[in-house]
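First up is the structure itself, then whatever we jot down about it.
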Amino acid sequence: MKISAIKAFPSRIGASSQLLLKIESDTGYYGWGASGLTSREMAVSGAIDHFRPWLIGKDPRSIGSIWQELYRSQYFEGGRVLAAAQSAIDIALYDLKAKALGIPVYELLGGRQRDWVECFASLPFGNTLQLIERAESLLSAGFTCLRLTYVNEQTMGDAKTTFDPRKNIAAVAKSIVALRQHVGQEPTLGFDYHHRLTTPETVSFLHRMPIGTLDFLEEPIRCEDPKAYATLRQLVDVPFAIGEEFASKWQFLPFLENGLTQFARVDVCNVGGLTESMKVAALAEAHYIDLMPHNPLGPICAAATIHLAAACSNVSWLEEVNTPIQDLGLCDPKIFPLQPRREQNRYPISDTPGLGIEVDEDALANQTFTPIEVPHFKRADGSVTNW
Ligand SMILES: [Mg+2]
């Protein structure tokens, strides 16, 4: 069997952009993958252009060898753009190989270890009333774990958006305390700060809430420096959920080895595909750390992550952004006629050969692509801060 074509589809789907990838073989079997570098799809598509010429003609079943060659057969190893391209290729190879063998992808990863994958619901909110209403809706829909994010919806998409961290931590902490009082002790509550804070701002934020209010905090500060997280880890006691931006097992390593994160937010479409995700899962398992997979893209990311979670023992919750309170259109059934179907707060494990995904290639091919641009946040004095 030989790879005969590699097609990249930078696409606008619903409220976001995605880069989908199709790998075809000379036997007629094909596979789909996706890259996770949202809003920079053209850079990833360019990386795929670099890889395509020497991938054509290779045996698509040699997934591990192709992973090593993609990563190491260039002087400049790794980085987020190349790893995102590599992720899409790796996932597509798993889909293709599993289809050719007539088995679901999880069988290539060691077989299934669970009957379903439980999800947390993403809950964006702008004020306390909205937070409580949306939480009630999600809890009544069957979710037991809610991951909150603060979104000032009036300013989303505005390139001049101002973010004042001190005002924000005061308002958000007050809202979360009110939510915990409202929903009681049973639901699991997390919050994602999208790396917008500094270390002292994070301490102030968490100290404004009683112990037991928040069960985990996602990305309070930027992730480049593990030592900054080591400092922060000593100052607060709420578990961290870090890693959705990491583009290799090596980026996870100091966070896992030194106890700097208590959940591994692996992103199968950014870290290096299923091949690298399984290695991250093994490193995390060695430290009794559960995966909490990042899953913001669409059905291919979701399907690949469900197969990963099916084959790993150490999984907490899979991220779910498509919920009764939020329809971003990322799973458009006209583009994805076959895709994972959530039942309440869980995804059943599909036994369909491959990922269990089908894509309408014609619907993608006819698009004029314009990538999204996320808000460019400034502090009140005009200085740049993270979105
Ligand atoms: Mg996050």
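Odds and ends about this structure:
- Residues that are among the β-branched types (Val, Ile, Thr) and under 26 Å from residue 105 (Cα atoms) were ranked within region 259-270; the one that is farthest from the ligand (Cβ to nearest atom) is 268.
- Failed criterion for residue 245 (all others in (1) within 16 Å of the ligand (Cβ to nearest atom); (2) without any contact (Cβ under 8 Å) to a residue 60 or more places away in the chain; (3) surrounded by fewer than 23 Cβ atoms within 10 Å (Cβ to Cβ) hold): (2)
- Of residues in region 123-142 being in contact (Cβ under 8 Å) with a residue 60 or more places away in the chain and touching a helix residue (DSSP H, G or I) at 6+ places or on another chain (Cβ under 9 Å), the one surrounded by the fewest Cβ atoms within 10 Å (Cβ to Cβ): 124
So that you can scan it fast, the table gives a plain yes or no per residue for (1) of a type in the set (D, E, K, R); (2) surrounded by 15 or more Cβ atoms within 10 Å (Cβ to Cβ); (3) within 16 Å of the ligand (Cβ to nearest atom):
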| residue | (1), (2), (3) |
| --- | --- |
| 204 | no, yes, no |
| 210 | no, no, no |
| 234 | no, no, no |
| 241 | no, yes, yes |
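- All positions within region 214-270 that are in a loop (DSSP other than H, G, I, E, B) and among the charged types (D, E, K, R): 215, 219, 222, 224, 225, 237, 244, 245, 265, 267
- Test: residue in region 320-334 that is out of contact with any Pro (no Cβ under 9 Å at 6 or more places or on another chain), part of a strand (DSSP E or B) and β-branched (Val, Ile, Thr): yes
- Taken together, 291, 274, 297, 256 contain a single residue that is away from the ligand (no atom under 16 Å from the Cβ) and touching a strand residue (DSSP E or B) at 6+ places or on another chain (Cβ under 9 Å), which is 256.
- Pairs with Cβ under 8 Å, 6+ apart, first in region 375-386 and within 13 Å of residue 168 (Cβ to Cβ) and among the aromatic types (Phe, Trp, Tyr), second exposed (fewer than 11 other Cβ atoms within 10 Å of the Cβ) and at pLDDT 85 or above: 377/384
- Number of the exception - residue 300 against (1) of a type in the set (A, V, I, L, M, F, W, C); (2) crowded, with 24+ Cβ neighbours inside 10 Å; (3) part of a loop (DSSP other than H, G, I, E, B): (3)
- With respect to being more than 15 Å from the ligand (Cβ to nearest atom) and either in contact (Cβ under 8 Å) with a residue 12 or more places away in the chain or over 27 Å from residue 165 (Cα atoms) (or both), residue 221 falls outside the description.
- Whichever residue in region 329-369 is loosely packed, with under 11 Cβ neighbours inside 10 Å and at pLDDT 90 or above and, among such residues, is farthest from residue 12 (Cα to Cα): 343
- Residue count for region 191-213, restricted to those that are touching an Asp or Glu at 6+ places or on another chain (Cβ under 6 Å) and either in a strand (DSSP E or B) or of a type in the set (A, V, I, L, M) (or both): 1
- Here 141, 121, 135 are screened, and the one residue that is within 16 Å of the ligand (Cβ to nearest atom) and under 23 Å from the mean Cα position of the chain (by Cα) is 121.
- Helices (runs of 4 or more DSSP H) (entirely within region 22-141) containing at least 1 residues that are of a type in the set (Ser, Thr, Tyr) and in the same structural domain as residue 311 (by TED's automatic domain parsing): 128-140
The values are calculated or read from the model by the stated rules, or taken from the named source; none is laboratory data. Since the model is a prediction, treat every value here as computed from it, not as a measurement. Quick reminder, even Gly has a Cβ in these numbers, built from the backbone with ideal geometry, and neighbours come from all protein chains shown.
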